[in-house]
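Here is the structure we will look at.
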Amino acid sequence: MSKKTKKYIFVLNCGSSSLKFAIIDILKKEKIFSGTVEFLHSKKSQITFKDCTNEENKVIFLENLTYKKSIEVIFQKSLEKIKCLQSILGIGHRIVHGGEKLHQSTIIDKKIIEQIRSSIPFAPLHNPFGIIGFQEISSIFPHLKHKQVAVFDTAFHHTIPSESYLYAIPYELYKKYGIRRYGAHGISYQYVSKKFSKIVKKDLKYLNIIVCHLGNGGSIAAIANGKSVDTSMGLTPLEGLMMGTRSGDIDPSIIFYLYENLKMNIGQIREILTKKSGILGITQINNDMRYVEDNYHKDTNANRAMKMYCHRLSKYIASYFTMMNDHLDAIIFTGGIGENSVMVRKMTMEKLKLFNVQCDEEKNANTKFGKCEMISSKNSIPVWVIPTNEEIIIAEETFRLLEIEQT
Ligand code: AMP
């Protein structure tokens with residue numbers, strides 16, 4: 001391949017009813033095209049394409065989109081932009097759960113598929129669809145079959161010690177069935193910690209940071225000497241912080257109560273805790289933090305949701321101070337809420353005054369929509385907003401593994 005030939009990595013993130021994709025120019029480390037397929041297998045199926053070079057969006061409505069059809073349309077459309085299929089060097093798949101065995105990115109083969117399959121009980125809404133994504137690419141583009149890499153959201157947390165990953169339940173449940181904390185959002189944590197290390201020009205292995213990835217799903221990670229030592233999500237992404245529609249931490253006895261006294265079945269209880277709780281459960285209207293911010297002064301439920309969200313978040317941050325060795329380099333906010341919600345950051349930081357966390361209100365108010373800034377005042381523990389970029393990490397990992405393969 002000549003030096004001038006463009007090299008792209010195609011990134012796929014397959015979920016149960018949606019699929020996200022991006023094309024990364026791997027030499028420039030730039031996203032050039034991205035988008036989402038929503039409402040798969042329904043009459044409302046639609047694909048949104050975003051041309052990252054000119055910020056133009058296009059939406060196509062196609063009834064009953066399957067994974068296969070979606071991938072065909074995405075590639076067709078992408079080729080208008082990148083011209084040549086051969087310039088796609090490989091496909092990077094975001095796989096949510098790698099279980100105990102898969103703790104680094106890997107080229108996908110039969111054995112890896114079986115291992116991803118064995119973690120389906122821990123990520124039923126994600127892992128099966130990652131496998132489908134791999135299979136569809138292999139059948140539509142056989143020449144790309146062996147150029148596909150799995151990048152795991154759990155992998156970054158492989159370093160957390162047993163006192164953090166074990167639950168205080170009979171030890172054999174861990175030994176026999178792998179019931180332990182695995183965490184999630186690891187790809188985002190990897191990106192943010194690398195980026196912060198570049199910003200402050202300090203080697204990752206000397207950095208102690210607390211990173212809050214706050215999106216529709218949210219978690220927090222304690223990163224000491226550049227390695228994850230604790231995180232709020234657990235066996236599955238249901239544990240931890242209050243989220244858009246997920247409850248986060250609850251007393252497990254609530255489940256017994258719903259089952260025994262309210263006669264709910266397991267399916268109904270799962271639906272409540274994963275889809276009807278969190279911000280949606282408390283506001284009873286909306287799972288979006290923008291709604292909560294807009295209605296904070298007008299609506300009691302929105303007010304309550306905001307206070308609960310920040311109360312729980314600040315409690316986690318405070319507890320993670322205990323894992324930071326002799327110093328803390330920074331608290332970092334990322335994800336849709338972390339990058340944009342001025343109110344969440346301000347209210348959370350106010351609760352951490354005792355820990356020498358002070359908000360610079362002007363900087364905080366001006367930091368949103370993709371800005372990367374420090375938002376704390378001069379003498380405070382540094383607090384940063386760093387927009388995440390999971391696709392870049394997936395593309396880099398894919399490129400790295402395929403390059404190794406070729407040498
Ligand atoms: P993510 O899952 O990282 O894409 O984050 C999505 C969430 O970010 C949405 O559900 C909103 O709650 C939140 N969000 C996005 N934009 C804003 C904004 N401008 N202000 C507050 N929250 C926002």
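Any read-out appearing in this document is the output of simple, stated calculations on the displayed coordinates, not a laboratory observation. All values derive from a computational prediction rather than experimental measurement. FYI the Cβ positions are ideal-geometry reconstructions off the backbone, even for glycines, and counts take in every protein chain you see.
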Practice prompt. Compare the Cα positions of S139, F156, S70 along the charge dipole of the range 51-205 (+1 at Cβ of Lys, Arg; -1 at Cβ of Asp, Glu; about the Cα centre) and return the one farthest towards the positive end.
Written response: F156
Item to complete: Let me have the 222 nm mean residue ellipticity of the chain computed from DSSP H runs of 4+ only, each contributing -39500 (n - 2.57), with the sum over all residues rounded to the nearest 500.
Response: -11000 deg cm²/dmol
Discussion item. Nothing charged except the Cβ atoms of Lys and Arg (+1) and of Asp and Glu (-1): what's the magnitude of the dipole of the range 276-350 about its Cα centre? Round to the nearest 20 debye.
Written reply: 320 debye
Worksheet item: Hey, what angle do you get for helix 300-320 against the long axis of the chain, alpha-carbon based, 0 to 90 degrees rounded to 10?
Response: 90 degrees
Worksheet item: In the range 181-338, with Lys and Arg counted as +1 and Asp and Glu as -1 at Cβ, which of these residues, L207, A224, L235, has the Cα nearest the positive end of the dipole, that is, farthest along it?
Response: L207
Worksheet item: For the range 40-138, which trypsin sites (Lys or Arg not before Pro) are in a loop by DSSP, counting at most 14 other Cβ atoms within 10 Å?
Response: K43, K44, K83, K101
Item to complete: Restrict the search to the range 247-281; then list the trypsin sites (Lys or Arg not before Pro) that DSSP places in a loop and that have at most 13 other Cβ atoms within 10 Å of their Cβ.
Response: K263
Fill in: Residue order, fewest to most surrounding Cβ atoms within 10 angstrom, among M343, M233
M343, M233
Worksheet item: Pairs K195/K368; K205/K378; K28/K227: which are spaced more than 21 Å apart, C-alpha to C-alpha?
Response: K205/K378; K28/K227
Response to the item:
Put in order of increasing Cβ neighbours within 10 Å, starting from the fewest, M347, M289 give M347, M289
Worksheet entry | Positive-end residue, the chain charge dipole about Cα centroid, Cβ charges, pick of Y257, H126, G281 | H126
Worksheet item: Which of the GluC sites (Glu not before Pro) found in the range 22-76 are in a DSSP loop and have at most 12 neighbouring Cβ atoms, other than their own, within 10 Å?
Response: E55, E63
Response to the item:
The size of the Cβ-based charge dipole (Lys, Arg +1; Asp, Glu -1) of the chain about the Cα centre, to the nearest 20 debye, is 600 debye
Worksheet entry | Inter-part distance where the range 17-44 and the range 385-406 are each reduced to a Cα centre, Å | 16 Å
Practice prompt. Rank-order 155-162, 330-337, 370-377 by packing density, defined as the average count of other C-beta atoms within 10 Å over each peptide's residues, highest first.
Written response: 330-337, 155-162, 370-377
Worksheet entry | Net dipole in debye of the range 192-233 [+1 Lys, Arg Cβ; -1 Asp, Glu Cβ; about Cα centre; nearest 20] | 300 debye
Practice prompt. Give the shape of the chain as rounded, prolate or oblate, defined through the alpha-carbon gyration tensor: a ≥ b ≥ c are the square roots of its eigenvalues, a/c under 1.5 means rounded, and otherwise the shape is prolate if a/b is larger than b/c and oblate if not.
Written response: rounded
